[in-house]
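Values in this text are rule-based calculations from the coordinates and carry no lab data. Since we're looking at a predicted model, the values are computed, not measured. FYI the Cβ positions are ideal-geometry reconstructions off the backbone, even for glycines, and counts take in every protein chain you see.
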């Protein structure tokens, strides 16, 4: 039982005793509710996400999807909303549609991710819609749904033997964590991840724990 549920039960008991005249005032009224415990985001180790990418190497679509999560840090809703025209192969940019009144953003695509995009766009079947990713589970080739993307990621996590609780958001967090550890400035990550406030990026990354030894060596007098 959680601390909040225990406190609720105790308050109920003392409220009953107070109503029955057994006690003059419930002592539980002065007890502050417990602070909500926040679970820290999970990030995959390099060997873990490398196994996922290796498993997906034979599927142009799956390899591209995992690359966009792991290398560009897209949200699952953003990935599923991508359309063919959002990929500018010449400029090497990707237009990410954030939705819900938020600003769309154009982000630069690294060489490896661009290669996976080109490979998928060449292999993508001719369909009646313009969504970048299609569902490969039936012959209608409908747009890939958020549920379908989550199922795909869960499948590769399982096949890669990753037992920690992970999801599409875990891949996004892994992207941010690894890029920051490798020296990407916070302002660049803020733009990549689509955060309106830099403080959101800072909280998201827990920078005080990332690359401390590397920074100490690089800034040594």
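With each pseudo-label sitting 7 Å past Cα toward Cβ, what's the residue 198-residue 146 distance in nm, one decimal?
3.1
Using only the alpha-carbon atoms of region 46-211 as identical scatterers, what base-10 log of I(q)/I(0) does the Debye formula give at q = 0.08, 0.11, 0.17, 0.21 Å⁻¹?
Ignoring solvent entirely, the Cα scatterers give -0.23, -0.44, -1.08, -1.61.
Taking 7 Å along the Cα-to-C-beta vector as the label spot, tell me the residue 77-residue 6 distance in nanometres, rounded to one decimal.
Inter-label distance under the simple model: 3.6 nm.
Expressed as a rounded percentage, what relative contact order does region 46-211 have, with Cα pairs under 8 Å and six or more residues apart? Display every interim value, and only then the final one.
On the way: 197 pairs, mean separation 43.0, N = 166.
It rounds to 26 percent for region 46-211.
State, to one decimal in nm, how far the label point of residue 108 lies from the label point of residue 30, with both points 7 Å from Cα in the Cβ direction.
The two pseudo-label positions are separated by 6.1 nm.
May I ask you to sort 107, 10 by Cβ crowding, counting other Cβ atoms within 10 Å and putting the fewest first?
10, 107
For region 60-84 and region 106-181, what is the separation of their Cα centres, given in Å?
Rounded to whole Å, the Cα centres lie 4 Å apart.
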